[in-house]
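Have a look at the structure below before the remarks.
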Amino acid sequence: MTNPTIRFIRRGQIVTLANVPPSRTLLEVLREDLGSTATKEGCGEGDCGACTVVLGEAVDDRIEYRAINACIRLAHSIDGLALWTAEDLAVDPLIGPTAPIPSRADGAARLHPVQEALVQCHGSQCGFCTPGFAMSLFGLYQNKAPGAPVTRDEAASALSGNLCRCTGYRPIVDAAVSMDRFPVQRVNEAELLTKLEHLKTIPRWGSANFDPDSIYMTPNDLPQLLALRRQHPDAQIVAGCTDVGLWVTKQHRDFAQVLDVTRVAELRRVERYPHHIAIGAAVTLADAFDALVANRPQLLSFAQRFAGLPVRNSGTLGGNVANGSPIGDSMPLLIALGAHVVLMSQRKGKTVSRELPLENLYTGYRQNVMAADEVLAWIKVPLPVENEFLRVYKISKRFEDDISAVCLAVRLRVAGDRIEQASIGVGGVAATPVRAIKTEAFLQRNTLGEATFDQASGILRIEFEPISDMRASAAYRRAVLGDLMRRFWLECLGAANASIETLVLEVRK
Ligand SMILES: Cc1cc2nc3c(=O)[nH]c(=O)nc-3n(C[C@H](O)[C@H](O)[C@H](O)COP(=O)(O)OP(=O)(O)OC[C@H]3O[C@@H](n4cnc5c(N)ncnc54)[C@H](O)[C@@H]3O)c2cc1C
Ligand code: FES
Ligand code: FES
């Protein structure tokens, strides 16, 4: 098997790395191979943001900037992209350190507006978290129009994956909203696009264009992906690596061969049809939630509570669904929405696909019906219908960047006071994400009213046999499920302030 080179742009230069093992993380490469120790290692599991870096990708003649966690991202996955770390800001991000550093009148090196704002607003004390905060802010800075002000909400969302244990967040958010006060310093995108284009001409496998036996396979289209999956059923599939990365850093797992689905053009699309949208399995969580929120704005606060932004920027909806964690957040919602999954394979030279309701994908704890030659290709989500009432609730110990103890999604279609259809997805109460069939059946036989939801709460409380673990006791999970059903009823009545999300967003202002 061959080991492809990794080619990326940093400080305007092409960096080429050879012989990087497939399981080596981007953080290991930065700190240990390249000596870039400004990028810190805190938790090594995507939770603290100390290792945040920014990736740039050419998309439709512009650059998309995404802050991600280097500690759980495989180094090979950044091939063909641009990379910035905290060491790359005080110089022109495109021209790089070979060019003179722009000077202030006093002769000191000019900091990037992100860094200048952090200094002036006293946004750093011990400084361990600061490179990560600076990079999350750099991603935000580049994604805004030049000189455009940043709101406190935007800052909170951009910093949702960064923890600081000594400064306190107020000065850091102050820095975020004052970045526009400093002289504009933007990436020269036209030049970077040219360089990224040039990067594609540098061969990865010696003289060959592609090696189907490489240890890190990055197919560009679906037929190629399916062929590789058939040839290499034992290769570890990875997408954004926000689950798989922890198997590497925490369980010390080593992969002999990796099949990366994130470059497959078809799987990165959101397609719109008259009655549903089809979200490609490799669409990032950030983009997938944008697509879901566009159709159902009430999902915004739930979307913002899925991990933190760097995880949503890297992780994919397909990865969440395929991983099948019983406390995964998208599945209860997708079950309530009546989503289907499409599995694809290549058999006897032909592309074969099958479609099933999402909840039927799972057969047991992190087990599913996918055959060795199959991949998850699409998640099909029906569009909203008239008189639909939908809410999804996540109960976790922290508001941001935390996994659910319980997740409940309820969707009703009503006609007058009659419940025509009820679909309920639940997480955290069984070995897999599940549908609350008994509660659904009860609601469908009844009319809207307090008594109905009182009884539905009781049924939901005993429909499952949750376990006690470090996140919550079984008794708490049962109790909270019933309470959430009552909250759903209150929100049906229009009591929007029954929601903790509304309160938190108010407090932030
Ligand atoms: C700090 C942190 C916070 C998190 N918070 C949350 C949270 O709030 N809610 C939540 O639900 N999850 C959370 N997660 C878990 C994780 O981010 C999600 O499960 C994410 O969606 C996984 O997607 P990925 O692309 O990173 O998958 P990967 O890690 O790349 O892959 C996960 C699994 O899916 C398989 N897979 C991926 N794509 C395909 C495909 N197309 N076909 C077949 N198999 C495939 C892989 O083989 C692997 O088994 C968190 C993770 C971290 C590190
Ligand atoms: S080291 Fe904590 S998120 Fe990477
Ligand atoms: S400044 Fe010390 S952890 Fe943030």
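Every number in this text was worked out from the coordinates using simple rules, so none of it is lab data. Values in this document were obtained by computation on a predicted structure and should not be read as measured data. Here the Cβ positions follow ideal geometry from the backbone for every residue, glycine too, while neighbour counts run over all protein chains shown.
Remarks
- Extending 7 Å from Cα along the Cβ direction at GLU420 and again at GLU32 yields two label points whose distance is 5.9 nm.
- In order through the range 284-301: 3J(HN,Hα) via Karplus (6.51 cos²θ - 1.76 cosθ + 1.60), integer Hz, x for Gly, Pro: 5, 4, 4, 6, 5, 5, 4, 5, 5, 5, 4, 8, 9, x, 5, 7, 4, 5
- For the range 19-32, Karplus couplings with θ = phi - 60° (6.51, -1.76, 1.60), whole Hz, Gly/Pro x: 6, 7, x, x, 8, 6, 7, 4, 5, 4, 5, 5, 6, 8
- With R₀ set to 60 Å, the beta-carbon distance separating LEU493 from GLU57 gives a calculated FRET efficiency near 0.85.
- Straight-line reach from LYS40: taking Cα to Cα under 18 Å and skipping same-chain neighbours fewer than 8 places apart, the aspartates and glutamates in range are GLU28, GLU32, GLU87, ASP88.
- 10 Å-binned pair-distance histogram of the chain (Cα, whole percent): 4, 18, 28, 25, 17, 7, 1, 0
- Hz values of 3J(HN,Hα) by residue in the range 111-122 - Karplus curve (6.51, -1.76, 1.60), Gly and Pro given as x: 6, 5, x, 4, 6, 4, 5, 5, 5, 5, 8, 6
- For the set LYS250/LYS438; LYS195/LYS250; LYS350/LYS438; LYS394/LYS438; LYS195/LYS350, the pairs lying more than 30 angstrom apart at their alpha carbons are LYS250/LYS438; LYS195/LYS250; LYS350/LYS438; LYS195/LYS350.
- Angle in degrees between helix 450-463 and the longest Cα principal axis of the chain, rounded to the nearest 10: 70
- For the pair VAL177 and VAL385, label points projected 7 Å from Cα toward Cβ lie 4.4 nm apart.
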